[in-house]
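Here's the structure, in structure tokens; my notes come after.
The values are calculated or read from the model by the stated rules, or taken from the named source; none is laboratory data. Since this is a predicted model, take the numbers as computed values, not measurements. Neighbour counts are summed over all protein chains in view; Cβ atoms, including those assigned to glycine, are modelled from backbone coordinates with ideal geometry. Accessible surface is based on the protein model in full, side chains and every heavy atom, while ligands, DNA and RNA are left aside. Shrake-Rupley method; radii C 1.70, N 1.55, O 1.52, S 1.80 Å.
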Amino acid sequence: MTVPIGIHDIALATGHYAMDLAELARHNGADVNKYYIGLGQTSQTVPAPDEDIVTLAAAAAKQIVARHGVEGIRTILFATESGIDQSKSAAVYVQDLIGLPAASRAVELKQACYGGTSALQLAVGIVARDPEQRVLVIASDIAKYDLDSGGESTQGGAAVAMLVAANPNLAVVDETVGLYTANVQDFWRPNYRSTPLVDGKLSVSAYLEAVEQAWKDYEGRGGRGVSEFAGFCYHQPFTKMAHKAHTRLLELKGIEATAARLHADLSPTTIYNRAIGNSYTASLFVGFTSLLDHSDDLDGRSVALFSYGSGCVAELFSVTMVPGYRAHLRTADNRAAIARREPISYEKYRALRDFTLPEDGSELVVSARSRSPFRLTAISGHSRIYAAAHAQ
Ligand code: HMG
């Protein structure tokens, strides 16, 4: 790589409602500390009926386009595992909604929560071939499990949009990566289901095995040592998972994983995920955004990122922060996106869960509920119809 390539900008969007996990505990009789402490989650984003992965993605991507324009964007990579169509890419809707160039390729990528990282790495490759181009990478997901299942406490939703470019403002994506793929049936969603099937305990152990194997591959390829990183971001299905993963990594390297060490290494990365819940493909990048918004000394320093997608594929990679990156952050907007969510009771959450889009071809007008700049307005002719809020 002759020119540095990486993340030029990163923007976050999340859904309209938030349910405190005390509400779930009130419903199912669990001790709320199981959620607050045991899982490390305080609340979860719940989307409004007029929100889906496309509206979240467009809300995140709009911020990028407002700051940088569309020039040079010839590729839109949309990672998701809560896709709305088996054929048409969600990226095409976003291209239209935010006015991206027609002279572009717009595709969707899938491998559970790993999809966002694969999109980022593919984007780096495209820019390496032509540094004049910029690639819009979007990771957008709504995590929804069966009612009254173990996974329900780990639901959530968010989108992260990143502009990948040469000579980036924020972070250079480093070349050395560690990879791991294994055929594990820990979490999957057959085409006929709207919620995944999950073996929770197996998924945790498969994730931890992937940390170890990806790190070993990374090390074997000449990667940095643990002490060379100023931060560690993990995929966070729930924030306690980052603690388990980092403990596994430290112990592998013979380092004692004390509570103080875990807090110092991880706490800035878990603040947003703790409130949002799992956002699948976006989760790792929500954690990265949280790190950037809650650290003040990362100029020129490297951050390790661990991406895990059930099934499973994992990647350990790193970025090196560009000096002066802090001038380009969106800290106030990110905090506001989380803080302005409307708190809801368990009963309201159940009512929202009971709302489903027609699956038999019938028409539906979706009433305006969210404050999102883009809304799902109708189902018509088996199609989702979207509109910008100002156009309604
Ligand atoms: P569970 O049965 O609800 O909870 O399953 P638990 O009994 O295992 O308890 C959770 C923790 O709370 C335990 O801590 C308890 O001790 C603790 P740990 O032993 O693990 O350290 N606890 C308490 N702590 C304080 N006070 C209390 C209390 N009570 C209990 N009173 C599970 C939890 C995560 C398995 C479940 O929520 C689940 O199945 N979630 C969905 C799957 C998942 O998130 N897996 C994570 C790894 S796989 C992954 O990350 C990929 C994924 O994002 C999907 C993709 O890639 O597409 C999911």
Residue 69 being in the same structural domain as residue 126 (by TED's automatic domain parsing) and open to solvent by less than 10 Å² (accessible area, probe 1.4 Å)
no
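Residues are listed down the side, and each one gets a yes or a no for (1) touching a Lys or Arg at 6+ places or on another chain (Cβ under 6 Å); (2) modelled with pLDDT of 95 or more; (3) near the ligand (Cβ under 10 Å from one of its atoms):
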| site | (1), (2), (3) |
| --- | --- |
| 273 | no, yes, no |
| 291 | no, yes, no |
| 297 | no, no, no |
| 304 | no, yes, no |
| 310 | no, yes, yes |
Could you tell me which numbered condition residue 199 fails, if it satisfies all but one of (1) out of contact with any Asp or Glu (no Cβ under 7 Å at 6 or more places or on another chain); (2) of a type outside the set (S, T, N, Q); (3) open to solvent by 30 Å² or more (accessible area, probe 1.4 Å)?
(1)
Close pairs from the range 197-211: first under 15 Å from residue 316 (Cβ atoms), partner open to solvent by 40 Å² or more (accessible area, probe 1.4 Å), Cβ under 7 Å, at least 6 apart:
208/244; 208/248; 210/180; 211/248
Which ones in the range 132-147 are open to solvent by 10 Å² or more (accessible area, probe 1.4 Å) and over 15 Å from residue 277 (Cα atoms)?
132, 133, 134, 146, 147
Among the residues of the range 23-53, write down those that are among the acidic types (Asp, Glu) and touching a residue at least 60 places away in the same chain (Cβ under 8 Å).
23, 50, 51, 52
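Would you mind finding the one in 112, 79, 119 that is within 16 Å of the ligand (Cβ to nearest atom), at positive phi, under 21 Å from the mean Cα position of the chain (by Cα) and hydrophobic (A, V, I, L, M, F, W, C)?
Going through 112, 79, 119 in turn, the sole match is 112.
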For the range 203-228, what are the residues that are exposed (fewer than 15 other Cβ atoms within 10 Å of the Cβ) and within 9 Å of the ligand (Cβ to nearest atom)?
205
Could you check the range 99-120 and list, in sequence order, the residues that are open to solvent by 20 Å² or more (accessible area, probe 1.4 Å) and not polar (S, T, N, Q)?
99, 101, 102, 103, 105, 106, 107, 108, 109, 110, 114
Considering only residues that are in contact with a strand residue (DSSP E or B) (Cβ under 9 Å, 6 or more places away or on another chain) and within 16 Å of the ligand (Cβ to nearest atom), look in the range 36-73 and name the one that is nearest to residue 160 (Cα to Cα).
53
Return the only residue of 172, 177 being open to solvent by 10 Å² or more (accessible area, probe 1.4 Å) and within 23 Å of residue 203 (Cα to Cα).
177
